[in-house]
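Below is one structure, written out as structure tokens, with a few remarks after it.
Here, each number is a calculation from the coordinates, and none is a lab measurement. None of the values given here were measured: they were computed from a predicted structure. Cβ placement follows ideal geometry from the backbone for every residue including glycine, while neighbour counts extend to all protein chains displayed.
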Amino acid sequence: MDEGATTTRGGIRLLGVHKTYGSGEAAVHALRDIDIDIPAGELVAVLGASGSGKTTLLNIIGGIESADSGSIVVAGQDISDRPPATLGEFRRAHIGFVFQFFNLIPSLTARENIEVLVELTGRGDRARAQELLSAVGLADRANHFPAQLSGGQQQRVSIARALATDPDLVLADEPTGALDVATGRDVLKLLQQTTRAGRGVIMVTHNEVVAEIADRVVRMRDGRIVATERNTAPTDAAAVRW
Ligand code: ADP
Ligand code: MG
């Protein structure tokens, strides 16, 4: 495979990535010698126990944190040695983030939370905000503030927000964690559609059943990738049950 093809749009290539928090006796090796090569347009599930490094991996791919060493190429951009100040620009241009704890702006309504990102990034379409809120079952909550929404509803707003800018790569940290089966399935359908539209999706999950919809499953333990499996027949998200 030629080099460009693996790293354009939503493609990812990490080589020898390490990340340590703290130092000396208190050092936590959150990521150890991570190698990943994922072409664009795949739905990847990252599975692993709590503390295995899943969120750290996502944050480094998305330019939210920097690695201590290693090479990181995401969506055609080599971000390995970018100064943190320029990573915001990279994120706005290429990444849609679904945070584990939503990170909605409390003073804005659900729809405004989406619209403000569309404006900030200059990508996507404000009109899609309402469409995406409907797709996640929140058409009648567009004018509610985060504090007036349940955890699961806030999570769905966060997913709609990540998709509204039509990013090359969606990074989703436990996107179904706070959802019941029916709404979780709607979210998984959206993520699967995103990859079918040629975008990349990396989804962290605890749930083996959720991971069955993925094209590739990456298993982490103690900061390492211990297995990578290709799924030749992913389950259709509409049929998933847990
Ligand atoms: P996961 O998402 O799989 O639960 P994380 O990536 O959040 O795992 O964490 C991996 C390891 O790094 C854990 O041991 C965690 O306690 C540690 N860690 C994560 N973030 C920080 C931080 N900001 N400061 C110190 N340790 C951290
Ligand atoms: Mg986590």
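Structure values in brief
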| quantity | calculated |
| --- | --- |
| Pairwise label distance in nanometres, S134 with E208, each label 7 Å out on the Cα-Cβ vector | 3.9 nm |
| D78/L108 FRET efficiency (R0 41 Å; Cβ-Cβ; nearest 0.05) | 0.75 |
| Globularity ratio of segment 177-242, using Cα Rg and 2.2 N^0.38 Å | 1.12 |
| Pairs of Cα atoms farther than 35 Å apart, the chain, % | 10 percent |
| Angle in degrees between helix 110-121 and the longest Cα principal axis of the chain, rounded to the nearest 10 | 50 degrees |
| Convex hull of Cα atoms in segment 78-121, direction-averaged projection (nm²) | 3.9 nm² |
| For segment 1-126, alpha-carbon Rg relative to the globular expectation (2.2 N^0.38 Å, N residues) | 1.15 |
| Percentage relative contact order, the chain, counting C-alpha pairs under 8 Å, at least six apart | 26 percent |
| Spin-label zone in segment 118-136 - amide nitrogen under 17 Å from a point set 7 Å from the Cα of R92 along the C-beta vector | 118-126 |
| Centre separation in Å (Cα based) which lies between segment 37-110 and segment 141-214 | 15 Å |
| Structure-based [θ]222 nm, the chain - -39500 (n - 2.57) summed over DSSP H runs of at least 4, per residue, nearest 500 | -9500 deg cm²/dmol |
| C-alpha long axis of helix 84-94 to longest principal axis of the chain, angle in ° | 50 degrees |
| Kirkwood-type radius of segment 155-210, with distances r between different C-alpha atoms, in Å | 11.3 Å |
| Global size of segment 111-242 as Cα Rg and Dmax, reported in angstrom | 15.1, 44 |
